[in-house]
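Report on the following structure.
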Amino acid sequence: MSTIVAPLEASVAAPSGGSFLIDDPSPEQIFTPEDFSEEQRRTGATADRFMSEEVAPVIPDYERKAPGVARGLVEKAAEIGLPAVLVPEQYDGLEMDVTTQMVVNESVGRYASFSTTYGAHAGIGTLPLVFFGTEEQKRKYLPKLVTAELLGAYCLSEPQAGSDALASLTRAELAPDGRHYLLNGQKMWISNGGWADLFTVFAKVDGEKFSAFLVERSWEGVRPGAEEHKMGIHGSSTTALYLDNVKVPVENLLGEVGRGHVIAFNVLNLGRLKLGSSCAGGAKSVIADAARYANQRKAFGRPIADFGAIRQKLADMTAKTFAGESLVYRTSGMIDARLEGFSWDAPGAAKTALKAIEEYAVECSIAKVYLSEILDFAADEAVQIHGGYGFHRDYAVERSYRDSRINRIFEGTNEINRLLITGMLLKRASQERLDLQGAIRNLMFELAGGRVARSSGGPFPVQRDMVGRAKKATLAMAGLAYRKFGARLEEQQEVAAAIADMAIETYAAESAMLRAEKASAAGRGETTGDIVTVLAQAMMCAVGGRAALIAGACAEGGELEQYSKMSAKLTRFTPANLPAARDRIAARVLAAEKYVF
Amino acid sequence: MNIFVCLKQVGARDSALRIAVDRKWVEDEDLNFEMNEPDAFALEEGLRLKEKHGGEVVAVSAGPARAASTIREALAKGADRGILIEDDRFAQADALCIARALAAAVGREAHDLVLTGLQSDDFGFGQTGVIMAELLNLPHATIVMQVQAEDGGLRVKRELEAGWFQNVSMPLPALLTIQSGINKVRYATLMGIKRARKKPLVTHTAGELGIDMAASQTVRRLYLPHKTKQTQFITGSGKEAAAALLEKLKFEARAL
């Protein structure tokens, strides 16, 4: 049996999760899309071809959920292995690495409805079983999920329980014969609900112990509701699931009674990173649509691609997508580095894999928030570039705009994820897995000395220094907020979200910068320098604004004065010539009529 | 059936082309590389014949080191093993030079059928297969649309001009150049991509095989075509004009 991980360049590091805030990694330590192995590239090419040749031609049918189209496509996807990437070989899977899965998700993300079908099946519909199933459960279901003979779905939300999934009212009672649980309740917003065969259903045993069950569609009392009428992802099936005295054999309890939350939350970590990569694919797709249109459309006798207002949009869409893509693969690279030598044959393999993913839960949430918002931004600007035509159903961007919106809601709303980012950082600090306290203490000494140490070096010394200071601003403000609110910081949601925003902006800009540095060291990437310029300045503006919010909320009088001075010092920058940088970025995108970085 | 499929790695069709400073070729560093499309159809035909008649498919290429990735792509699609004849000069070599290298590699082994694409997407000489057949002393057929094994030999359908076809029976071993679009090229599945890791790929240098690298043809100057506009008036009745227009679109503009 082979390992799950293709050999990485030895130097890619697997630091502690969240350590990006306190460390200063060198470019060689991070994984970038330029480091894709030939196999990862080829997998991407296969998935791209599948999307162009099999999926794109049937989009109109897919959008109206024509019978059999979705199932047919998942079956075709299964023929080339797309749902099998992370499944162990023993159950007919491919056992490839996490980065390969991200590459597939990025490609599939070009069409949101299929991406949702695919993700609900191969991700949240299959992975709970991979990580928590018993040998018998895995043998029974996984090979059929891999071939798409069975389609999967994941049932967590309920009409009254969304972000607070543990407020579930669905009950499971052990029947008197001890052989079955009886499930009763209603699940809501089930992707693939209309056509899935196997549901991972969360319910409370005796109304208390949150647990997961594998429920087959054909069982008596299982009834999917009607298709919901959604704003976007029209091609994706979304229904409720009604459970009326469903007899679930005890063998179909997934994991342990009362440990359902472990399954629910662990599966979401990877799901969030995957959502990030699908959004990167979606963003690249709208960039291509927008660039093509900008070249064709003439106003005042010139293509609108000539105008600065349009070029600015394309450049910003591109720069942010570059940052998002960089942070997704940096994160998947760290997970893969941590899993180097991993084998499903080793005892406790599932736990090892989950631990490696959980280590980067903060980064996974960042990927989810940042990329879903980039896609929303890019789709919105793509509509704007199209003008009135962007508002018309004949143009793909109209659909992209509607489709993008859900990404900020599912897999944990962006609000919940922001709170999680701050919460998990603090938790890791209190568990001594991340030395935030030490870093904040050192920073305070440094600042008390009146001089901020500069990070510099590399091809982008100015931006390197900006990123270094943005991290310090984040640490300083997190420290201030923690001193003020202590463990109750999570209840101060606006402040907690502002800390998360600072971390997100910093991680994104740093990932892009490190990637550009790595590319530059390899003799590539003149234009990625412009992207770094644009991102660093946007990061500083965002970080400065959030720092002011936190200072105002957490300090007053002399302390407020002191923190606003500190924040001003840390987030100061000499403005770059952004229009010139954006103009060069846009020129590349317009020449190729696609995202080219 | 021992089938050798000859593959060339060429610049990808969506690459941005920039004429090199020496004006002999395009800038290499701008290019992404991919399998020459006509060769992909030859590979598919080879894989189908192997599935029908057994034997093995060997992917062969003469090119710089990067061409190994095109061979591995063939392995991912189902070829059993690969041979690379490596030399940087193959990137711009003429058809005779490439054919010498391919023939040297194939000639060392027992071969029943050698397949190439009709032509390459970069230079487009359309000569490599034919010259190779001469060097290997094999009968050949060009622009082949269908291949059927019969009575220890082959029956092939060739495309001629103006909608004409020719059916030819020929003995084995033989060499065929395959017309594009005759089959649906399969995916490199993820299983295939993973399996390719373990398949053998042998590299010979041109020197080891004693390939004569002397050029018999050189590019003197590469330049962009001048854009010209021409207007033609088609006279006659509507029906006649439509027929004439159709003719022109088909055979002059080759747009249909």
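General observations
- Verdict on residue A:428 being free of Cβ contacts under 8 Å to residues at least 40 places away in the same chain and either basic (Lys, Arg) or in contact with a Phe, Trp or Tyr (Cβ under 8 Å, 6 or more places away or on another chain) (or both): no
- Residue in the range A:55-78 that is nearest to residue A:394 (Cα to Cα), counting only those that are crowded, with 17+ Cβ neighbours inside 10 Å and within 12 Å of chain B (Cβ to nearest Cβ): A:77
- Residue count for the range A:350-377, restricted to those that are out of contact with any Lys or Arg (no Cβ under 7 Å at 6 or more places or on another chain) and either touching a residue at least 24 places away in the same chain (Cβ under 8 Å) or not assigned by TED's automatic domain parsing to the domain that holds residue A:275 (or both): 13
- For the range B:218-233, a residue qualifies if it is modelled with pLDDT of 90 or more and surrounded by 10 or more Cβ atoms within 10 Å (Cβ to Cβ), and exactly one does: B:222.
- Within the range B:122-129, none of the residues are of a type outside the set (D, E, K, R) and within 14 Å of chain A (Cβ to nearest Cβ).
- Selection status of residue B:134, away from every other protein chain (no Cβ under 14 Å), surrounded by fewer than 24 Cβ atoms within 10 Å (Cβ to Cβ) and part of a helix (DSSP H, G or I): yes
- Flag for residue A:368 being at pLDDT 95 or above, buried (at least 24 other Cβ atoms within 10 Å of the Cβ), of a type outside the set (A, V, I, L, M, F, W, C) and more than 25 Å from residue A:329 (Cβ to Cβ): no
- Consider the range B:153-199 and keep the residues that are without any contact (Cβ under 8 Å) to a residue 60 or more places away in the chain and within 14 Å of chain A (Cβ to nearest Cβ). The one that is nearest to residue B:2 (Cα to Cα) is B:198.
A quick yes/no check of all residues on (1) closer than 13 Å to residue A:471 by Cβ; (2) touching a Phe, Trp or Tyr at 6+ places or on another chain (Cβ under 8 Å):
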| residue | (1), (2) |
| --- | --- |
| A:504 | yes, yes |
| A:507 | yes, yes |
| A:510 | yes, yes |
| A:517 | no, yes |
| A:523 | no, no |
| A:528 | no, yes |
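- The helices (runs of 4 or more DSSP H) found wholly in the range A:385-503 and carrying at least 2 residues that are among the aromatic types (Phe, Trp, Tyr) occupy A:461-485.
- The lone exception for residue A:113 - which of (1) more than 10 Å from chain B (Cβ to nearest Cβ); (2) of a type in the set (Gly, Ala, Ser); (3) free of Cβ contacts under 8 Å to residues at least 60 places away in the same chain; (4) more than 23 Å from residue A:355 (Cβ to Cβ) it fails: (3)
- Enumeration of residues in the range A:55-82 that are over 20 Å from residue A:150 (Cβ atoms) and either free of Cβ contacts under 8 Å to residues at least 12 places away in the same chain or touching a helix residue (DSSP H, G or I) at 6+ places or on another chain (Cβ under 7 Å) (or both): A:55, A:57, A:58, A:60, A:61, A:62, A:63, A:66
- Looking across the range A:440-478, the residues that are touching a helix residue (DSSP H, G or I) at 6+ places or on another chain (Cβ under 7 Å) and surrounded by fewer than 19 Cβ atoms within 10 Å (Cβ to Cβ) come down to A:447, A:452, A:453, A:454, A:455, A:456, A:457, A:458, A:459.
Quick grid of which residues meet (1) of a type in the set (Gly, Ala, Ser); (2) closer than 18 Å to residue B:39 by Cβ:
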site: B:103; (1), (2): yes, yes
site: B:107; (1), (2): yes, no
site: B:114; (1), (2): no, yes
site: B:118; (1), (2): no, yes
site: B:125; (1), (2): no, yes
site: B:129; (1), (2): yes, yes
site: B:134; (1), (2): no, no
site: B:140; (1), (2): no, yes
site: B:149; (1), (2): yes, no
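- Criterion violated by residue A:262 - all others in (1) β-branched (Val, Ile, Thr); (2) surrounded by fewer than 18 Cβ atoms within 10 Å (Cβ to Cβ); (3) in contact with a Cys (Cβ under 6 Å, 6 or more places away or on another chain) satisfied: (3)
- Matching option when the condition is among the aliphatic types (A, V, I, L, M), buried (at least 18 other Cβ atoms within 10 Å of the Cβ) and either away from chain B (no Cβ under 14 Å) or over 25 Å from the mean Cα position of the chain (by Cα) (or both), among A:560, A:578, A:535: A:535
- Flag if residue B:79 is at pLDDT 95 or above and assigned to a loop (DSSP other than H, G, I, E, B): yes
- Test: residue in the range A:478-501 that is modelled with pLDDT of 95 or more and under 19 Å from residue A:322 (Cα atoms): yes
The values are calculated or read from the model by the stated rules, or taken from the named source; none is laboratory data. Quantities reported herein were computed from a predicted structural model and do not represent experimental measurements. Cβ atoms come from the backbone with ideal geometry, glycine included; neighbour counts cover every protein chain shown.
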